[in-house]
Each structure stands twice: as C-alpha cells, then as structure tokens.
1. Summing Lys, Arg as +1 and Asp, Glu as -1, what charge do residues with Cβ under 11 Å from the Cβ of residue 162 carry, residue 162 excluded?
2. Please work out the Cα convex hull volume for the range 110-216 and give it in Å³ per residue.
3. Determine the gain in length on full extension of the stretch residue 234-residue 65; use 0.36 nm per residue of separation and subtract their C-alpha separation, reporting nm with one decimal.
4. What angle, in degrees between 0 and 90 and rounded to the nearest 10, separates the Cα long axis of helix 425-441 from the longest principal axis of the Cα atoms of the chain?
5. For the full complex of protein chains and a 1.4 angstrom probe, list 414, 26, 60 by accessible area with the highest value first.
6. With a 1.4 Å probe and all protein chains left in place, how much of the accessible area of the chain comes from carbon and sulfur atoms, in whole percent?
7. Against the longest principal axis of the chain, how steep is helix 234-258, in degrees 0 to 90 to the nearest 10, with axes from Cα atoms?
8. Run the 1.4 Å probe and let me know the accessible area of residue 443, rounded to the nearest 10 Å².
Amino acid sequence: MSSLTIAIITAFVIGYFCIAIESVTKVNKAAIALLMFVVCWTIFMIDPAQYLPMAIGDAKALIVSEEIERHLGSTATTLFFLMGAMTIVELVDQNGGFNFVRDMLQTHSKKTLLWRIAFMTFVLSAILDNLTTSIVMIMILRKLVSDKKDRLIYAALVVISANSGGAFSPIGDVTTIMLWNKGVITAAGVIMEIFIPSLVSMVIPAYILSLSLKGNLTFTKEQAHSFQASELTQNQRKTIFFLGVGGLIFVPIFKSITHLPPFIGILLVLGVLWTVTEVFYANLKEKEEKGAMHKRVTDMLSRIDMSTILFFLGILMAVACLETIGVLASLGKGLDVAFEGNHYLVTGIIGVLSSIVDNVPLVAGCMGMYPVQAVGDMAVDGIFWQLLAYCAGVGGSMLIIGSAAGVIVMGLEKITFGWYLRKITWIAFVGYIAGIISYWALRTFVFEHIGMLS
C-alpha cells in the first residue's frame, strides 16, 4: 500500500471520527463531510497516475476531473432523488394528505404505536424504498409524538424497520436493485428467502426498544391544531395523498418502463403534484391563499434542509475516492482469502462494513470480484448473493450514517452519531445476527428438505 493511499485513508478515518463526535465538537457533520471530500481528492491529485494510468502530464487534470465528474453524476442522482422525495412528502404532509394515515396509526399507548410504526415502515419500505419511507414516517411521527426522547426511539426504529423492509424487496433498497439488475438474484427468490430473516431483524429490535417505552402519549395544543383540516377540502387532500404516495410507488415502474434513472421519475411526480396543488390554491379566496402560502411548493423548496444534502454530497464523494484508489475492492478480496468458503462470515462482515462506508460501492465491488456460477452457492439466488442482499441492506442499521434512511432521519430529527451508537447500535446488531441465523436455519432445515432450492 502506497503512502498516498495511506494518507487518503487517514484523512477519511479522521473525518469519520470527527463526524462521530459531532455532539462533543459541536461542528456540523456536513462541514466535516465536505472537508473529507475535498481533502481526499486533493491528496489523490498529488499522484493520480497510481490509480488512473492515463493521468500524466497535461492530461492529469482532465482525467481526474472526468473521474470526479463521473462520481459526482452518480451522487447527484441520489441528491436529486432525495430532494424530490423530501419535497413530495412535505407537500403531502403540509396539505393534510397524511391525516387519515396518521389517524390509522394514532393510539394513546406508546408500545402499541411502536409496533404499528414498525410494521407499517417495514411494509412501505418494500413497496416504496427505505429512504422515501423514512421521510414519510418521520413526518407522521412528528404529529403523533411530542416528547423528544420518545420520538428518538421511534425514529431509530424507523431506520431499522426501513432497512429491514427494503432488504427483501427487489426495489426496496439500492443494493437489491443493483443485484436484481445484475441478474444474480431474482424477485421471487429474494422475497421467498429473505423475507423471514428481514422480519426477524426488525421484530427483535422492536421488542427490545418497546421495553424502554412505558405509559401513554400526550398531545400538545400544537399537535391538536395540526390534526385539523387544511384550507383544502377532504377530496383535495386525498387527491394530493394518492398523487404523492401513488407517484412514489410509480417511480420504480417508470424506471422499468423507460429505463431512465429513478430521480427522473421523482421529478415527474413532483412536477405533476406541484401543478395540481397550484391549481387547487389558485381557486382559493385571496385571504385564504395568503394564509396557505407556506404550504405551496415554492416555499417548501426554500426550506429544504441543505445541510443534510451537503452531508450526503461530502460523504458519498469521499467514499468514491476510496473506491477509485481500490481500497474497497482490496478489502473484499482480503475477506475472501481470510474466510474462504464461509459465505456467512464474508457477507456478515461486509454487512458490518456497510454501516461504516456506503454499501453501494461495497456491493458493486463484490459483484466485480465474485463471478456468477452455474451451480452452487455463487449461482443465481445462491447463498452468497441472497446473504449479500440481506447483509448490505440490514447491516446499515448498525450506525446512523450507515444507510440513506439513517442519514435522512439523522438530519430530520437531529439525532447525534454518539446517541445512536450508545443506545441503538447493539440492538440493531442483535437483530442483524438473529436474521442471519434464521436464514441459516431456513436453508438448512426447511428449503433444502422440501426441495425448494437446488
């Protein structure tokens, strides 16, 4: 390993550590992430020919710029998807679209609410995706739970449930989408084999977290006011809900039909919803319209949490630098050598690593390292690929910045890295391990004996 590679890794580790102790330093994590991004690529620029052989002489700046822009393009699709989804969910929420969903979840019992939140998040994340589902559920939680300490517990469960629900669905998480598109898993295979492990990885943490909740919920005057209807009619609110949530469900369908990136589908839904709400508000009386200005898209766009967006930008581009210098691929090869033949250990460790660095390059590296075989554990729907789908998805729950769902919840609810590490990490890990064990039991004692697997 060259000194340049060591320097880049060191810069990443120091930056990561500073993000972890944000509650101590009081320095916003977005600022540290942006510094990580810039410092890693600046060090890379010292001698890029080590990693990009064509980057020499006059071509050096051009080649490196093209490499950064390539990664930036991939990152931008995530950022635009995030901004679009955040705006759509906020728009539906502000205009009373989630009122009847909230009413369906509403209960005075803290434990009952926890289980309702857990299962609804689990199901929705399989239909939508874990990122969009997390935004929806946090918006609903804000209307149901006034106590900040309790809401942090519910928010942590949203992260765990969203990642678990996304792992068994071919469209629920970006990593399962990658594996599905690559052809190493099938939709029927991943649902049949990973559903129960994913459910286990959600139910056990939910039970442990439920032990810390006692008593009933109380509603503040502000919450009671938020339960009231907006300026729109009930039919208009339902129209906004079905256009918003139905549009989010339509995004993967749009992608499969057009083969365009998901963020384009999100922007399509936002455009349609924006147009419809503008028509609704144009028909209101002038004084009512003035009171509802804050519920229109033009105002919501100005209130997007840019610090969360910039944190995403910084962390993804810093990880992209690690991917470019080959660190992630080398790590995967090292795991393969150290634990040759034991797919449970290899994928289990990859899952733990996915909570530290972005799971997308990790899974991409695995797909590049391990060839698909005709038969055996590396065949389509084999043990390795199914476990990789589970571990890369569920493993991200162990740290708050280990998944897109975690990062967005972190930004929306201002959860600190340290609080999540102390209170939630071990709980998510217990669920993660229990899911792997349940998968092993299913493969060993159920599927093999009833002839469902070759």
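1. So the environment of residue 162 carries a net charge of -2.
2. Cα convex hull per residue, to the nearest whole number: 78 Å³.
3. Full-extension gain reported as 55.7 nm.
4. Computed tilt is about 70 degrees.
5. Solvent-accessible surface, decreasing: 26, 414, 60.
6. Here it works out to 67 percent.
7. That works out to roughly 20 degrees.
8. 20
The values are calculated or read from the model by the stated rules, or taken from the named source; none is laboratory data. Fair warning: this is a prediction, and the values are worked out from it, not measured in the lab. Cβ coordinates were reconstructed from backbone atoms using ideal geometry, including for glycine residues, and neighbour counts include every protein chain displayed. Only protein heavy atoms, including side chains, enter the accessible area calculation; ligands, DNA and RNA are left aside. Shrake-Rupley method; radii C 1.70, N 1.55, O 1.52, S 1.80 Å.
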